[in-house]
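Student: I'd like to ask some things about the structure below.
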Amino acid sequence: MTNQRIGWIGTGVMGASMCGHLLDAGHRLTVFNRTHDKALALLEKGAAWADTPKAVAQNSDIVFTMVGFPDDVREVIFGDEGVLAGTKTGDTVVDMTTSSPDLTRTIHRECATKGVKALDAPVSGGDVGAREATLAIMVGGDQPVFDAAKPLFEILGKTIALMGGAGSGQHTKMTNQILIAGTMIGVVESLLYAQRAGMNAHQVIDVIGKGAASSWSINTLGRRIADGDFNPGFYIKHFVKDMGIALEEARRMRLSLPGLALVHQFYVAAMAMGWENLGTQGLYQVLAAMNRQAADR
């Protein structure tokens with residue numbers, strides 16, 4: 001497997017750690033990122049640089065993409081200097097971005113016309129999961145393609161599953177984001193209550209984080225809230241994008257998700273307040289501000 005040439009596009013908060021694990025495992029990597037400086041640490045570890053996604057694909061047998069928004073995915077894959085322009089028959093494209101299931105199906109279909117294999121493989125676990133290689137990886141595509149890529153996934157995560165055909169990975173990720181959205185407002189409101197009651201947030205988390213209310217969000221992001229740490233493990237702007245995709249898919253299915261719609265609006269408010277580059281725990285700032293305003297009246 002270490003003789004396989006790997007391409008990696010997107011070296012942001014999570015992508016850099018994930019790419020680094022593949023390098024540490026002895027793989028040869030060619031990387032591209034819109035901001036060259038964000039790839040410097042990987043280049044120092046031995047990765048090769050390519051000037052375009054097309055050039056990455058030309059020097060790779062399997063290309064991973066981990067970018068921000070569906071429009072970024074579309075440009076990286078289908079642009080004039082995109083991945084598909086540089087692939088050859090038998091190559092594999094793995095998009096690990098959380099993106100639209102419809103776009104994902106288009107990627108699978110267009111790749112197939114060139115004899116290129118494709119997987120959608122969004123992840124969950126945030127910056128901690130990326131750093132510690134404990135991500136949950138939910139995959140859509142064909143079984144033989146998944147089986148071939150699985151040894152690489154196992155370097156990046158602990159829970160890896162083929163969920164079905166093209167787009168199934170993205171649909172699974174949408175269910176994940178819907179659950180996180182509801183959980184995050186619970187985390188924020190519980191810690192606001194604790195703060196108003198004069199409790200020590202860390203002591204509260206020590207207890208409720210081990211009982212029926214236990215979740216990754218309270219034990220990881222709740223701790224950051226308690227410390228006043230709103231730096232991004234996962235950006236608010238990306239979570240708003242994910243919730244928007246989930247709401248659009250729900251509309252297509254004629255499915256009402258009022259809880260998700262409400263949390264989406266709170267996060268949109270965070271962006272309106274200029275907090276789009278905070279981590280998702282920044283939702284605390286929105287509700288704290290609302291309560292300060294109410295108290296001032």
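Student: What is the magnitude of the charge dipole of the range 44-97 about its Cα centre, with +1 placed on the Cβ of each Lys and Arg, -1 on the Cβ of each Asp and Glu, and no other charges, expressed in debye to the nearest 20?
Tutor: The calculation lands at about 160 debye.
Student: How large is the convex hull of the Cα atoms of the range 32-165 per residue, expressed in Å³ as a whole number?
Tutor: Convex hull of Cα atoms, per residue: 107 Å³.
Student: Counting Lys and Arg as +1 and Asp and Glu as -1, what is the net charge of the other residues whose Cβ lies under 11 Å from the Cβ of V139?
Tutor: Local net charge: -2.
Student: Let me ask another. How big is the dipole moment of the chain about its Cα centre under a simple scheme where the beta carbon of each Lys and Arg is +1, that of each Asp and Glu is -1, and everything else is neutral? Debye, nearest 20, please.
Tutor: 420 debye
Student: Let me ask something additional. Can you sort M271, M199, M96 so the residue with the fewest Cβ neighbours within 10 Å comes first?
Tutor: Least to most surrounded, the residues fall as M199, M271, M96.
Student: How would you order 13-20, 142-149 from highest to lowest mean count of nearby Cβ atoms within 10 Å?
Tutor: So the order, starting with the most tightly packed, is 13-20, 142-149.
Student: Can you give the percent of C-alpha pairs in the chain whose distance is more than 29 Å?
Tutor: That tail contains 37 percent of the Cα-Cα pairs.
Student: Could you tally up the Lys pairs in the chain with alpha carbons closer than 15 Å? Skip any pair fewer than 8 positions apart unless they're on separate chains.
Tutor: 7
Student: What is the fewest-to-most order of Y284, Y193 by other Cβ atoms lying within 10 Å of their Cβ?
Tutor: Y193, Y284
Student: Place +1 on the Cβ of every Lys and Arg and -1 on the Cβ of every Asp and Glu in the range 171-296, take the dipole about the Cα centre, and give the residue among M271, N219, L257 whose Cα lies farthest towards its positive end.
Tutor: Comparing the listed Cα positions along the dipole, L257 ranks first.
Student: Provide the gained length on full extension for the span K210 to A289, in nm with one decimal, where the gain is 0.36 nm per separating residue minus the Cα-Cα distance.
Tutor: Length gained between K210 and A289: 25.6 nm.
Student: Taking the Cα centre of the chain as the origin and placing charges on Cβ (Lys, Arg +1; Asp, Glu -1), which of A194, A16, G157 is farthest toward the positive end of the dipole?
Tutor: A194
Student: Let me know the charge dipole size of the range 171-296 about its Cα centre in debye, to the nearest 20, where only the beta-carbon of Lys, Arg (+1) and Asp, Glu (-1) is charged.
Tutor: Using Cβ point charges on Lys, Arg, Asp and Glu, the range 171-296 gives about 260 debye.
Student: Before rounding to the nearest 500, sum -39500 (n - 2.57) across all DSSP H runs of length at least 4 in the chain and divide by the residue total; then give [θ] at 222 nm in deg cm²/dmol.
Tutor: -16000 deg cm²/dmol
Student: Something else about it: In the neighborhood of G68, defined by Cβ-to-Cβ distances under 13 Å, what is the net charge if each Lys or Arg adds +1 and each Asp or Glu adds -1?
Tutor: -1
Student: Net charge within 9 Å of I160 by Cβ-Cβ distance, Lys/Arg positive one each and Asp/Glu negative one each, not counting I160 itself?
Tutor: Combined, the nearby Lys, Arg, Asp and Glu give +1.
Student: With each label point set 7 Å from Cα along the Cα-Cβ vector, what nm distance links T35 and D80?
Tutor: 2.6 nm
Student: Taking the number of other C-beta atoms within 10 Å as the exposure measure, put K173, K150 in order starting with the fewest.
Tutor: By the 10 Å Cβ count, ascending: K150, K173.
FYI, it's all coordinate maths here, none of it is from the lab. Predicted, not measured: the structure shown is a model, and the values here were computed from it. A quick note on method: Cβ atoms are made from the backbone with ideal geometry, for glycine too, and the neighbour counts reach across all protein chains shown.
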